[in-house]
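Where a number appears in this text, it was derived from the coordinates with a stated rule and is not lab data. Keep in mind that this is a model prediction, so the values were computed, not measured. Glycine gets a Cβ as well: all are built from the backbone with ideal geometry, and neighbour counts include every protein chain shown.
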C-alpha cells in the first residue's frame, strides 16, 4: 500500500510522516510507502498544477491533510522557506485549499483511487494511516470491489437498484435513532463534504464497541418508518434491490427484513474495517456497470452523489430538511431526476411520475 499525503505548505505533512517512522519517497518502491506531495501553487493565472502522472500511477491512497487556514498563516509567518506566501490572506489560503481538494478528489475518482481528507484536529490520524498500511482498514476501492462481487454473486438480474437507507428508504436517520451517547459531533466531523473513509472510520471506531449496541440495533430496526410510496414504486421494477448505506450494515440488514422489496444491505461494519464512504458508493455503481449491469441509484445526501452520477439513472429523494449541498449540486448541470410521489421536492430537478415508469 502506497500513501501520498498532500496539503498546503506548513500543513504538517513532514511532521506527520516522521511520526510514522515510515517515509519512503522513491517512485516504484515495492514496499509500503508514505510520501509527501504537492498538488498546486498559486500563480498570476490562478494555480499552477504540479500533480504528475507519475504520482497517479505510483500511489494507491491520496490523503489531504486539511489544516485550518489560520494555523497555516501563523506557521508561514515563522517559516523562511515559505517567505513568498507570508502575505497571503486567510481567504487566499482557503481558496488554495478548496482548489486542491476539489481537483485532487476529481483526479482520484476518475482514476479509481482512494481519496481521504485528514483532519488534524483529531488525534487518531496515525492510527488510521497505520491501519491502512497493515490492511486492518480497507480502502474504498477494496470495499467496493467486495460489495460489487457480493451483489453479482447473488443475482443474475440485469438491473440492480442501489438505494441509500437513512432519509431515503427510511423517513429518518435510522443510525441516529439508536439513542447512543454523544461521543462526537457528527456535523463537525463531516462538515464541508468530508464523507471520506477517515471520517467514517473515526465515527464507527468510537461507537462500534459500545455496550448493548446489538440490542439497540434490534430495537431501532423494529421501529423504522420506511418510505412506503418509494418501496411500492421500486417493487414494480424487475431488479435486484440493495440498500447501500454509510450506516451500520447489521442495522439495515434487520430493517429490510420488514419488507421483501430488498434482498441485501451493504454498509459499514461495527469494527470500522469496511466503511462505506462517498467514494465507496460511487465505485460500487461503477463496478456493477462495468460488469454489464444496469444500475438505478437513489439518495438524499452528498455522500450519495457520486453513486447517483455513476448510475445509469440516478434519483434524488428530498426530505423535510433538504440537503443544501446536494440541492446546489443538482442545479449545477447534473441529469438527476426525482419521483413526483415524494412530498418534498428539490428545486429545479426534473420530476418523473414514478421510477418504475421512467425505467420502463
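Laid out as a table, the results:
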{"item": "Read-out Cα Rg over 2.2 N^0.38 Å, derived from the coordinates shown; its label in (1) 1.13; (2) 1.03; (3) 1.30", "result": "(2)"}
{"item": "Tilt relative to the chain, helix 125-134 - C-alpha long axis, 0 to 90 degrees, to 10", "result": "70 degrees"}
{"item": "Contour minus Cα-Cα distance for residue 353 and residue 236 (0.36 nm per residue)", "result": "40.8 nm"}
{"item": "Ratio Rg/Rh [Cα only; Rh per Kirkwood] for the stretch 2-134", "result": "0.95"}
{"item": "Helix-only [θ]222 nm of the chain, DSSP H runs n ≥ 4, -39500 (n - 2.57) each, per residue, nearest 500", "result": "-11000 deg cm²/dmol"}
{"item": "Euclidean distance between Cα centres, the stretch 262-293 to the stretch 218-245, Å", "result": "17 Å"}
{"item": "Choice from 72, 137, 317 showing the highest fluctuation, given a GNM over the chain with Cα pairs closer than 10 Å", "result": "72"}
{"item": "Cα long-axis angle, helix 140-152 against the chain (0 to 90 degrees, to the nearest 10)", "result": "20 degrees"}
{"item": "Highest-MSF residue in the chain out of 90, 33, 261 [GNM, Cα springs under 10 Å]", "result": "90"}
{"item": "For the stretch 104-210: relative contact order, % (alpha-carbon pairs under 8 angstrom, 6 or more apart)", "result": "30 percent"}
{"item": "Taking the stretch 2-134 and dividing mean pair separation by its residue count, relative contact order in percent (alpha carbons under 8 Å, at least six apart)", "result": "30 percent"}
{"item": "Residue 214 versus residue 257: modelled label distance in nm, points set 7 Å from Cα along the beta carbon direction", "result": "1.3 nm"}
{"item": "Rh by Kirkwood over Cα pairs, then Stokes-Einstein D for the stretch 191-293 at 0.692 mPa s and 37 °C, µm²/s", "result": "219 µm²/s"}
{"item": "Among 175, 139, 15: highest mean-square fluctuation, GNM of the chain, C-alpha pairs under 10 Å", "result": "15"}
{"item": "C-alpha long axis of helix 213-222 to longest principal axis of the chain, angle in °", "result": "40 degrees"}
{"item": "Ranked packing of 297-309, 41-53, 346-358, most packed first, by mean Cβ within 10 Å", "result": "297-309, 346-358, 41-53"}
{"item": "Average Cα contact separation per residue, the chain, under 8 Å, 6 or more apart, as relative contact order %", "result": "14 percent"}
{"item": "The stretch 65-157: Cα Rg divided by the 2.2 N^0.38 Å rule of thumb", "result": "1.52"}
{"item": "Rg over Rh, two decimals, the stretch 114-256 (C-alpha only, Kirkwood Rh)", "result": "0.98"}
